[in-house]
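The values are calculated or read from the model by the stated rules, or taken from the named source; none is laboratory data. Predicted model, so just to flag it, every value in this text is computed and none were measured. Neighbour counts are summed over all protein chains in view; Cβ atoms, including those assigned to glycine, are modelled from backbone coordinates with ideal geometry.
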Amino acid sequence: MRQTVVQYYAAPTTAVSPDYEVTTMHAVCRPILSCFCLLLAFSAPAMANPQELVIEELSYLDRSYMARQRDTLGDLAARNLGRHFQGSRDNDLAILQALLDRRLVRNDQVEELQAMGIIMGDLLADELDMDWVIYKDKVGRTRALRFGETDTYLFPNTMVSRRRTVGNMDSIADIYQKAYDSVAPLQTPSRFR
């Protein structure tokens, strides 16, 4: 019986017969394959969770940065609109929308758009009983809202900026509502709310 072998390497062979070529390939590949399997076996525990997730509390620097972002946007709203963020959903979402509508924050101003995400995140955190955390995975580190001790996260920092930088003009209220609707069903009814 004649066997066909496809060579994936440039190894010197002397084609005495087709069976000799197969034998040579087995002789060369078997030790390499054995070493690969051994290496794979020892590295398997390290590769068991390639998307290792780490959740941490906000650091002092994170809290300071977020406070500066809130202040920057608050100053912009006070100077140009004569209005202030109050932690009230209707008021604050209206101010955020006005900043966009009057082009006081443009689609290319990523820092300011992300500051809007922080304001929106504060509202979501308050309304949905979520907490700001640091979310680290293989992609990187970011600020997120976590719902209780679950694996449910929102990433409000980029909710506005990612949309606006690619020309998506969804209203602030729509963005907020989509985020709210994704977490609200997870809440247990409370008679004290």
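Observations on the structure shown:
- Looking across the range 110-129, just one residue is surrounded by fewer than 20 Cβ atoms within 10 Å (Cβ to Cβ) and either touching a Leu at 6+ places or on another chain (Cβ under 6 Å) or of a type in the set (Lys, Arg) (or both), and that is ALA125.
- Leading residue by the ranking (modelled with the lowest pLDDT) among those in the range 175-193 that are under 28 Å from LEU113 (Cα atoms) and loosely packed, with under 10 Cβ neighbours inside 10 Å: PRO185
- Only listed residue being farther than 26 Å from GLU127 by Cβ, surrounded by 10 or more Cβ atoms within 10 Å (Cβ to Cβ), at pLDDT 50 or above and not β-branched (Val, Ile, Thr), chosen from ASN107, ASN49, ASN91: ASN107
- Taken together, ASP108, ASP129, ASP151, ASP90 contain a single residue that is among the acidic types (Asp, Glu) and over 24 Å from ALA184 (Cβ atoms), which is ASP108.
- Residues within the range 166-185 that are under 22 Å from GLN86 (Cα atoms), in a helix (DSSP H, G or I) and polar (S, T, N, Q), tallied: 1
- Residues that are farther than 14 Å from SER171 by Cβ and surrounded by 12 or more Cβ atoms within 10 Å (Cβ to Cβ), drawn from the range 94-104: LEU104
- Selection of the range 73-88 for residues being surrounded by 14 or more Cβ atoms within 10 Å (Cβ to Cβ) and in contact with a helix residue (DSSP H, G or I) (Cβ under 8 Å, 6 or more places away or on another chain) yields LEU73, LEU76, ALA77, LEU81, ARG83, PHE85.
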